[in-house]
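Working notes, structure below.
Computed from the coordinates by the stated procedures, all read-outs in this text should not be read as laboratory data. Small disclaimer: the values here were computed from a predicted structure and weren't measured. Heads up, the Cβs are rebuilt from the backbone with ideal geometry, glycines too, and the neighbour counts pull from every protein chain shown.
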């Protein structure tokens, strides 16, 4: 996990999206001065995978609960990007006592129609899957990493800072298997999600030109479960609005965490890495 900002401040936990790591989602917020905690979700980066049957959003919500307990945190603001929003939503619905607010960035939360994902399905297929993961994708991690960044950023150019992320740390045999497993479990886990607590503050940041997921599809579903959403839709922005409009992302997160903009200006930019083990 990465941690930055004032340790005495209200805690904010950031969850990265599919195929990403803590460093990526931390980038726009590390210098905000808020107490930011960003773990590698299970199976990504340095975090071990969960047991079979627990790797979808619902199972990850129980992991997230154990993570907060291990750090002795409660009443946190949860923020997620893309599919990282799904376990945050499950935890907020199941344990509202632990969640002070939600900041959802390009949230992938509604069950989606079938997509072939030919390369991903081939990478986890019997017999040929291990060969593809270990001898094709892992060997050409830089190619697949840059290709993924371009697709996620479109129609915006790739933010140069993102190119400094470690390709081999993000695209490897373990992370590819994790991506396939959580996508496989996604629809079944999200279908039964109950309404969110009426008094829970929920803010959403979306790009209108998102090419990865359809904003309207997911926003309609969220509105059904929480009619009082606060939504910012950005023209000309794709799936990475927290990198394209970082000041707005920091402001929205700061509003939920109880920080004013003048407070944020004096933040501590340094981030440190730690490992949490045992209960998780």
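Just to confirm my numbers, what's the Cα centroid distance between segment 135-198 and segment 5-77 in Å?
Distance between centres, Cα-based: 16 Å.
Taking square-rooted eigenvalues a ≥ b ≥ c of the alpha carbon gyration tensor, is segment 216-262 rounded, prolate or oblate, where a/c under 1.5 means rounded and, failing that, a/b exceeding b/c means prolate?
oblate
How far, in nm, would the chain grow between residue 143 and residue 194 when pulled straight, counting 0.36 nm per residue and subtracting the alpha carbon separation?
14.4 nm is the gain from fully extending residue 143 to residue 194.
Assuming 0.36 nm per residue, please report the length gained on full extension of the stretch residue 8 to residue 95 beyond their Cα-Cα distance.
Extra length available between residue 8 and residue 95 comes to 29.0 nm.
Pull up the DSSP beta bridges for segment 4-89 and report the antiparallel fraction as a percent, rounded to 5.
10 percent
How big is the gap, in Å, between the Cα center of segment 208-244 and the Cα center of segment 88-108?
16 Å
Please arrange 169, 90 by how many other C-beta atoms lie within 10 Å of their C-beta, fewest to most.
Result, fewest neighbours first: 169, 90.
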